[in-house]
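Working notes for the structure below.
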Amino acid sequence: MLQNNTGFTLPVTLLNQSSLNGSIANAKRIYEWDITSAVYSPLTFNIEVRFSVTSLYQNYGGTIAAANPNALIAALNNLNIGAFWIETSGPNTYVVTYNNNIIYRNLSIGTMTTTVTYVNTTVVPGGFMTIDVNAVNVVNSLNPGSFISGVLNLIGGDLVDVNVTSSPAENTPFLVSRTPVQPPPFSQVLHTNTVLGSASDSFSFNVDMDYTYNIYWGIPPP
Amino acid sequence: MTIAPTITNAAQPALSVTTGMPNLSYAAILNSLGAFVWLIDELFYSAGSTSQFSNPVLYKIYDNNGDTSTQQIVTPISPGQFQASMYIETGNMVLDGQTGMSFNLNPGQSVQFIFYGSKKSSSGMLDTYGQVNNYDETIKAMGRLDFFDPANDE
């Protein structure tokens, strides 16, 4: 006996051991990706998957036949790493799967990106930070007066220039680090401001898709 | 664009699969395939409503080259049919873990499959005695007693 407990059509595979890990039968862990704002250019996709908590994430992907969610679902289901379907909630569109065995992570549609997270905790005026990506200023926290943070999605090779200034000069920590996408998730410090009493500092780096990046200006992370 | 998933735990699964036997889970049946091979010659298929039958049920099998072959074993019913069920003669439909069925299950719908067939051995048989895929029959056909029968001790 099979029962669909959702309000959506489910792709069902029955009695096939090769899809044992990818089967949605009786699975209760839900994975949802909000693809409402997805841009299908180029027509490629990638999903990060690992088959046990002790294994590494692997990339599965390919091409999408058309620039719409149904084509994305068809391409995902052809990978035989689970059963995916589309659910809508108001104006939002989600890719959904249930699985108790396979562990999914990021879904990339179109150009693959990695994240650069920035945090500016120097809430006093005069402690500002600018981030230029490929010579285009994208973050300017001039005299913020409040906590500033955000995430940039960049692609491999992007040049990031970080400039920080405090006025008056004070011992404000400045830290740039990166964490490998694949475990073990040990962060590597790329730059730290160890010069006391400096009024400004800067650091530049090229984005590598195998890492995520963190920029802290102010109170360092725990 | 890279999208991180939202991961939650649902109170009930999206797809519930149960067997008709108490204390026997679908996972147990699935894991037993290969050690147990089934030859299905008839299939009873029922659904909550006839609209489910507009979704074909496909049977996928791998040949010796590793290529997949897909057959449609459940066809749409006649528009005039009232009963939401059918008997299907499947021919030599093998369930050995390498084959499987796939279909789309409509929202809120429930379906039931009852398989009619026999258990087969995954090992080869002795053609000399004209038996097929059954150890017990082979032993009897060879005129020998059960290996584990104490009467065989010499």
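So, B:Phe36, is that one in contact with a Ser or Thr (Cβ under 8 Å, 6 or more places away or on another chain), touching a residue at least 60 places away in the same chain (Cβ under 8 Å) and hydrophobic (A, V, I, L, M, F, W, C) or not? Talk me through it step by step, then tell me what you get.
Working: in contact with a Ser or Thr (Cβ under 8 Å, 6 or more places away or on another chain): no; touching a residue at least 60 places away in the same chain (Cβ under 8 Å): yes; hydrophobic (A, V, I, L, M, F, W, C): yes.
For B:Phe36, the condition - in contact with a Ser or Thr (Cβ under 8 Å, 6 or more places away or on another chain), touching a residue at least 60 places away in the same chain (Cβ under 8 Å) and hydrophobic (A, V, I, L, M, F, W, C) - is not met.
Cβ contacts < 6 Å: first residue touching a residue at least 12 places away in the same chain (Cβ under 8 Å), restricted to segment A:51-66; second residue polar (S, T, N, Q) and part of a strand (DSSP E or B), any location; separation 6+ or different chain. Result?
Taking only residues 6 or more apart or on different chains, the pairs are A:Asn59/A:Asn46; A:Gly61/A:Asn46; A:Thr63/A:Thr44.
Quick check on my filter: what residues within segment A:85-117 are of a type in the set (Phe, Trp, Tyr) and either free of Cβ contacts under 8 Å to residues at least 60 places away in the same chain or closer than 27 Å to A:Tyr213 by Cβ (or both)?
A:Tyr104
In segment A:22-44, how many residues are more than 10 Å from every other protein chain (Cβ to nearest Cβ) and crowded, with 17+ Cβ neighbours inside 10 Å?
Of the residues in that region, 1 qualify.
Go through segment A:49-66 and give me each residue that's part of a loop (DSSP other than H, G, I, E, B) and within 16 Å of the chain's Cα centre (by Cα). Walk me through how you get there before you give the answer.
Looking only at segment A:49-66, we keep the residues that are part of a loop (DSSP other than H, G, I, E, B), and these are A:51-57, A:64-66.
Within segment A:49-66, just A:Tyr57 meets the criteria.
Does segment B:9-53 hold any residues that are of a type in the set (Ser, Thr, Tyr) and touching a strand residue (DSSP E or B) at 6+ places or on another chain (Cβ under 6 Å), and which are they?
Residues satisfying the conditions are B:Ser16, B:Tyr26, B:Tyr45, B:Ser46.
Take the residues in segment A:94-137 that are surrounded by fewer than 16 Cβ atoms within 10 Å (Cβ to Cβ) and in contact with a Gly (Cβ under 7 Å, 6 or more places away or on another chain); name whichever of them is farthest from A:Thr172 (Cα to Cα).
Residue satisfying both the conditions and the ranking: A:Pro125.
Look through A:Asn120, A:Asn77 and report the one residue that is touching a residue at least 60 places away in the same chain (Cβ under 8 Å) and closer than 27 Å to B:Ala27 by Cα. Before you say what the answer is, go through the steps one by one.
Numbers: A:Asn120 fails: closer than 27 Å to B:Ala27 by Cα.
Every option except A:Asn77 fails the conditions.
Residue-wise test of (1) of a type in the set (Ser, Thr, Tyr); (2) over 15 Å from the mean Cα position of the chain (by Cα).
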residue: B:Gly20; (1), (2): no, no
residue: B:Ser25; (1), (2): yes, no
residue: B:Ile29; (1), (2): no, no
residue: B:Gly34; (1), (2): no, no
residue: B:Leu39; (1), (2): no, no
residue: B:Ala47; (1), (2): no, yes
residue: B:Pro56; (1), (2): no, yes
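Among the listed residues A:Val53, A:Val39, identify the single one that is within 30 Å of A:Met209 (Cα to Cα) and touching a Gly at 6+ places or on another chain (Cβ under 6 Å).
Details: A:Val53 fails: touching a Gly at 6+ places or on another chain (Cβ under 6 Å).
Exactly one of A:Val53, A:Val39 is within 30 Å of A:Met209 (Cα to Cα) and touching a Gly at 6+ places or on another chain (Cβ under 6 Å), namely A:Val39.
Kindly provide the set of residues from segment B:21-37 that are buried (at least 18 other Cβ atoms within 10 Å of the Cβ) and either in a loop (DSSP other than H, G, I, E, B) or facing chain A (nearest Cβ under 10 Å) (or both), ordered by number. Talk me through it step by step, then tell me what you get.
First, pick out the residues of segment B:21-37 that are buried (at least 18 other Cβ atoms within 10 Å of the Cβ): B:26, B:30, B:33, B:37.
Those that are buried (at least 18 other Cβ atoms within 10 Å of the Cβ) and either in a loop (DSSP other than H, G, I, E, B) or facing chain A (nearest Cβ under 10 Å) (or both): B:Tyr26, B:Leu30, B:Leu33.
Run A:Glu87 past the list (1) over 30 Å from B:Ser46 (Cβ atoms); (2) in a strand (DSSP E or B); (3) within 13 Å of chain B (Cβ to nearest Cβ) and report the number of the one that doesn't hold.
If we test A:Glu87 against (1) over 30 Å from B:Ser46 (Cβ atoms); (2) in a strand (DSSP E or B); (3) within 13 Å of chain B (Cβ to nearest Cβ), just (1) comes out false.
Computed from the coordinates by the stated procedures, all read-outs in this text should not be read as laboratory data. The structure presented is a predicted model; accordingly, all values stated were derived computationally and were not measured. Cβ sites come from the backbone with ideal geometry, for glycine too, and all protein chains shown count toward neighbours.
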